[in-house]
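The values are calculated or read from the model by the stated rules, or taken from the named source; none is laboratory data. Remember, predicted model here, so these are calculated numbers, not experimental data. Ideal geometry is used to build each Cβ from the backbone, glycine not excepted, and the neighbour counts take in all protein chains shown.
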Ligand code: CAP
Ligand code: MG
């Protein structure tokens, strides 16, 4: 009762102060506040810089919404009443805070805008030493203003005609330098060796030594041959990353030539570029593969930046069908958030019972996204990887295929054999006794424990 009275009193004082223009308008903290279902919630790791924790909280809440460094005479009572966010949870020891933002602060269907708010100027403020956006909870009205993935896990499994097992693929290596014909040949060997998918590398677009159109045409020709020879569905992911209009032109081109996929470097093209690609995909019906090259500039520092969880959530919302999530430290890239991210991109309703610093999220109409594990993987790492990530994963190996002593086709065979052994529950070393390519791979790279 006393609490309720104090809260009402505080609201009356804040309202009175705002009507009278008294300098209360930088106090966003209310630890009694219970967020409404319509609020956008953000969780931050916050380290103040030579100011109190409360001061840093208020600067963060203000700068990410309606405030600035001083009161402005143009502030209106209605703005303060309806649009001010609330810092409703502070854990000083863990340096964690949660802010609830009224949904009216955000334009439906516009990811660049929400990021310019909650992940905009705030990273550069003097009163904040370190700041990391750990997670966001998006309300139903906001989520429903997006289409989400066109295919997602169910649509991809249907199109690739692979019901249960993980999908396996390769990245043509070296990243750059091969001609269109050499690229297509390596793809052919990877497919006939048993892989489902072949993709371009993140920095291969259209250069003199390898032109986009010619590469796509030649590689799709090889795809068709490989499908005839193996009787299996084979898929090519061409990298369309470029200026926005050019990306749409490349989507039309690959579609016209019978390709099912388009790959984009989502960090490099930005949220606007990704939304444009997704919107155009309503017509193109391509599976969108999201590479995250450059993400670690934002995600790696655990004290400052934006978590990969947030990036993956927004990519799901906009509507990529599959996205790189790391290898749970099994491969060459650092990053221990893989399982958490995988839960988030696959779940219908994700609770906050993981690692304590994430928010529950309903995904309503938004389809689940396929997790892609890539980076330093080889046949011997498959069992450990799948034990952690489960079967709803696309395994991508570049060096782990083209670095095989027997060449690309043998490397592909070894990957397929390792997957078969895992699905049959047979230890790799035993399966290798009857599968030469796998034996060679184990001899070269071993088995990851
Ligand atoms: C892997 C890869 C991928 C990374 C991306 C590379 O090649 O093609 O781009 O895995 O990292 O260029 O390194 P290898 P992440 O198989 O030869 O390592 O998935 O973490 O975004
Ligand atoms: Mg790569």
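Data table
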{"quantity": "Residues of segment 312-332 satisfying the condition of being within 16 Å of residue 295 (Cα to Cα) and within 16 Å of ligand 2 (Cβ to nearest atom)", "calculated": "322, 323, 324, 325, 326, 327, 332"}
{"quantity": "Matching residues, segment 359-377, being touching a strand residue (DSSP E or B) at 6+ places or on another chain (Cβ under 6 Å), farther than 17 Å from residue 290 by Cβ and within 16 Å of ligand 1 (Cβ to nearest atom)", "calculated": "377"}
{"quantity": "Candidates 175, 199, filtered to the one that is within 13 Å of ligand 1 (Cβ to nearest atom), surrounded by fewer than 18 Cβ atoms within 10 Å (Cβ to Cβ) and at negative phi", "calculated": "175"}
{"quantity": "Residue in segment 126-137 that is on the phi > 0 side of the Ramachandran plot and not in a loop (DSSP other than H, G, I, E, B) present", "calculated": "no"}
{"quantity": "Residues being modelled with pLDDT of 95 or more and in a strand (DSSP E or B) - total across segment 338-370", "calculated": "1"}
{"quantity": "Tally of residues being buried (at least 17 other Cβ atoms within 10 Å of the Cβ), assigned to a helix (DSSP H, G or I) and out of contact with any strand residue (DSSP E or B) (no Cβ under 6 Å at 6 or more places or on another chain) across segment 139-154", "calculated": "3"}
{"quantity": "Tally of residues being touching a residue at least 60 places away in the same chain (Cβ under 8 Å) and within 16 Å of ligand 2 (Cβ to nearest atom) across segment 185-208", "calculated": "9"}
{"quantity": "Segment 355-376, subset closer than 22 Å to residue 164 by Cβ and away from ligand 2 (no atom under 16 Å from the Cβ), residue surrounded by the fewest Cβ atoms within 10 Å (Cβ to Cβ)", "calculated": "368"}
{"quantity": "Residue tally, condition within 16 Å of residue 147 (Cβ to Cβ), surrounded by fewer than 23 Cβ atoms within 10 Å (Cβ to Cβ) and either free of Cβ contacts under 8 Å to residues at least 40 places away in the same chain or within 14 Å of ligand 2 (Cβ to nearest atom) (or both), over segment 280-301", "calculated": "3"}
{"quantity": "Count of residues meeting criterion [crowded, with 20+ Cβ neighbours inside 10 Å, more than 16 Å from ligand 2 (Cβ to nearest atom) and not in a helix (DSSP H, G or I)] in segment 377-397", "calculated": "1"}
{"quantity": "Residue in segment 245-262 that is out of contact with any helix residue (DSSP H, G or I) (no Cβ under 7 Å at 6 or more places or on another chain) and part of a strand (DSSP E or B) present", "calculated": "yes"}
{"quantity": "Residues satisfying the stated conditions in segment 309-325, i.e. out of contact with any strand residue (DSSP E or B) (no Cβ under 7 Å at 6 or more places or on another chain) and within 20 Å of residue 203 (Cβ to Cβ)", "calculated": "311"}
{"quantity": "Qualifying positions in segment 60-81 - within 27 Å of residue 96 (Cβ to Cβ) and part of a loop (DSSP other than H, G, I, E, B)", "calculated": "64, 65, 66, 67, 68, 69"}
{"quantity": "Qualifying residue in segment 151-163 (condition: touching a helix residue (DSSP H, G or I) at 6+ places or on another chain (Cβ under 8 Å), more than 16 Å from ligand 2 (Cβ to nearest atom) and within 25 Å of residue 309 (Cα to Cα))", "calculated": "yes"}
{"quantity": "Residue in segment 82-100 that is more than 30 Å from residue 261 (Cα to Cα) and assigned to a helix (DSSP H, G or I) present", "calculated": "yes"}
{"quantity": "Test result for residue 136, modelled with pLDDT of 95 or more, closer than 13 Å to residue 61 by Cα and surrounded by 17 or more Cβ atoms within 10 Å (Cβ to Cβ)", "calculated": "no"}
{"quantity": "Odd one out for residue 182, checked against (1) in contact with a strand residue (DSSP E or B) (Cβ under 9 Å, 6 or more places away or on another chain); (2) at negative phi; (3) touching a residue at least 24 places away in the same chain (Cβ under 8 Å)", "calculated": "(3)"}
{"quantity": "Criterion (within 16 Å of ligand 2 (Cβ to nearest atom) and in a loop (DSSP other than H, G, I, E, B)) met by exactly one of 400, 406, 335", "calculated": "335"}
{"quantity": "Lone qualifier among 245, 255, 221 - being away from ligand 2 (no atom under 16 Å from the Cβ), without any contact (Cβ under 8 Å) to a residue 12 or more places away in the chain and farther than 18 Å from residue 168 by Cα", "calculated": "245"}
{"quantity": "Test: residue in segment 267-283 that is more than 16 Å from ligand 1 (Cβ to nearest atom) and part of a loop (DSSP other than H, G, I, E, B)", "calculated": "no"}
